[in-house]
Amino acid sequence: MPEDSINHIDFDELNKKATSLPIVTHLYTADPSAHVFENKIYIYPSHDIDAGEAFDDLGSHFAMEDYHVFSMDHIEGDVKDHGIALHVNDVKWAEKQMWAPDANEKDGKYYLFFPAKDYDGIFRIGVAISDLPYGPFTPQPDAIKGSFSIDPAVFKDDDGSYYMYFGGIWGGQLQRWRNGVFNASHPDSPTAFLPKDNEPALLPFIAKMTDDLLQFDESPKEVEIVDENGNLLLSGDNNRRFFEAAWLHKYKGKYYFSYSTGDTHFICYAIGNNPYGPFTYSGRILNPVVGWTSHHSICEFKGKWYLFYHDSSLSKGVTHLRSVKIAEIKYNEDGTIQTLDPYL
Ligand code: FUB
């Protein structure tokens, strides 16, 4: 639900109709990446704060400084806050804006992947390591070589390969990398360098990770999202094209790439036959929530599938003060996902 309609909302009534309520209420949390480690659900969200930055279309008001990790033994059980897992002050290369993170596990070690702006104002993606799923995490001294933009999501395939999906337009800067180098001109414009409406939309990226999960093992490649005729979605197709919040999960042997459409506020998905795609647009998972952003993850726990998402209902509509929620998702026989309404 876009910001301009928020003034008319009766939040008590909205909460009565909400498909689910915030699972964390002592902090603002967003962009939840959920994984099952050691039979528990671990959630790696952004930790929203009000740093006093004015709202703009570059997302300057998302001025987050640290991450907390949360765990749950059961989907409806208590949510444990494990405290600060990583703070921007401990990351040598990063100056500010600790945006949507993800995590994964390999050989008993846990890896937190996170975007932040470096001291040149450029979003890069870093890695931090811990022996425990909830940290504290020790950051690498430098960002991943060749990394850019935001919203890393690291998927482990059944053969033991790990892939990072990433990217986000507007404040996420993806459009500034169209020639492989950062274009710093028009610094205040979120839309300069976007393709024209009738040109193919900008695409998210994928890179296989090295065995130690600390670097890209290949140059990042574009992830194609196509329509039912195999044509790339167009830049003007705002209801379907990729904006940010990449996520990958596997269901019955198929690869589901899901993402946010940003300015039209949908969580959509596209289905492919391998981690690299192409992925065919297949529909919406979540209709717009209260707040501008929509960002999610999808995770199986004890035989059921769940959507982890956020809205701004707890803050009564403040865009950058969001709260994580959970809802079960259901598949149809043909593998499509039933669209969820966040408020019934
Ligand atoms: O939380 C900051 C940014 O807002 C995330 O990186 C985007 O996906 C959007 O949710």
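Figure legend. Inter-residue proximity from segment 289-309: first residues within 10 Å of ASP31 (Cβ to Cβ), second residues open to solvent by 10 Å² or more (accessible area, probe 1.4 Å) and β-branched (Val, Ile, Thr), beta-carbon distance below 6 Å, spacing 6+ or different chains. Indicated pairs: PHE308/ILE326.
If you go through segment 44-62 one residue at a time, do you hit one that is at pLDDT 95 or above, more than 16 Å from the ligand (Cβ to nearest atom) and more than 19 Å from the chain's Cα centre (by Cα)? The answer is no; no qualifying residue exists.
Looking only at segment 242-273, count how many residues are in a strand (DSSP E or B) and open to solvent by less than 30 Å² (accessible area, probe 1.4 Å).
So the first thing to find is which residues in segment 242-273 are in a strand (DSSP E or B), and the list is 244-251, 254-260, 267-272.
With open to solvent by less than 30 Å² (accessible area, probe 1.4 Å) added as a condition, the list becomes 244-249, 255-260, 267-270, 272.
Summing the residues that are in a strand (DSSP E or B) and open to solvent by less than 30 Å² (accessible area, probe 1.4 Å) in segment 242-273 gives 17.
Is it the case that some residue within segment 79-96 is part of a loop (DSSP other than H, G, I, E, B) and within 16 Å of the chain's Cα centre (by Cα)? Spell out the reasoning first.
Pass one, segment 79-96, residues part of a loop (DSSP other than H, G, I, E, B): 79, 91-93.
Right, trim to within 16 Å of the chain's Cα centre (by Cα) and you get none.
No, segment 79-96 contains no residue that is part of a loop (DSSP other than H, G, I, E, B) and within 16 Å of the chain's Cα centre (by Cα).
The residues in segment 198-215 that are within 19 Å of LEU174 (Cα to Cα) and either open to solvent by less than 30 Å² (accessible area, probe 1.4 Å) or within 16 Å of the ligand (Cβ to nearest atom) (or both) can be counted, and the count is 7.
Checking each residue in segment 75-97 for being within 23 Å of ASP212 (Cα to Cα) and either touching a helix residue (DSSP H, G or I) at 6+ places or on another chain (Cβ under 9 Å) or of a type outside the set (Lys, Arg) (or both) picks out ALA85, LEU86, HIS87, VAL88, ASP90, VAL91, TRP93, ALA94.
Residue pairs whose Cβ atoms lie under 8 Å apart, separated by 6 or more positions or on different chains, with the first residue in segment 77-105 and within 13 Å of TYR119 (Cβ to Cβ) and within 16 Å of the ligand (Cβ to nearest atom) and the second modelled with pLDDT under 95 and open to solvent by less than 20 Å² (accessible area, probe 1.4 Å), are GLN97/GLY59. Among the residues examined, PRO115 qualifies as touching a residue at least 12 places away in the same chain (Cβ under 8 Å), within 16 Å of the ligand (Cβ to nearest atom) and either open to solvent by 10 Å² or more (accessible area, probe 1.4 Å) or not aromatic (Phe, Trp, Tyr) (or both).
Return yes or no: is VAL36 surrounded by 18 or more Cβ atoms within 10 Å (Cβ to Cβ), more than 15 Å from the ligand (Cβ to nearest atom) and touching a residue at least 40 places away in the same chain (Cβ under 8 Å)? Walk me through how you get there before you give the answer.
Values: surrounded by 18 or more Cβ atoms within 10 Å (Cβ to Cβ): no; more than 15 Å from the ligand (Cβ to nearest atom): yes; touching a residue at least 40 places away in the same chain (Cβ under 8 Å): yes.
Answer is no for this residue.
Tallying residues that are more than 20 Å from LEU58 (Cβ to Cβ), within 13 Å of the chain's Cα centre (by Cα) and either of a type in the set (S, T, N, Q) or within 12 Å of the ligand (Cβ to nearest atom) (or both) within segment 235-265 yields 2.
I'd like the full set of residues that are open to solvent by less than 10 Å² (accessible area, probe 1.4 Å) and assigned to a loop (DSSP other than H, G, I, E, B), limited to segment 296-316.
Of the residues in segment 296-316, the ones open to solvent by less than 10 Å² (accessible area, probe 1.4 Å) are 296-298, 307-313.
Scanning segment 296-316 gives HIS296, SER312, SER313.
Within segment 6-32, which residues are among the hydroxyl-bearing types (Ser, Thr, Tyr) and open to solvent by 30 Å² or more (accessible area, probe 1.4 Å)?
THR19, THR25, TYR28
The values are calculated or read from the model by the stated rules, or taken from the named source; none is laboratory data. All figures in this text were calculated on a predicted structure; none of them were measured in a lab. When we count neighbours, we look across all protein chains shown, and the Cβ atoms used for this are built from the backbone with ideal geometry, even at glycine. For accessibility, only protein heavy atoms count, side chains too; no ligands or nucleic acids. Shrake-Rupley method; radii C 1.70, N 1.55, O 1.52, S 1.80 Å.
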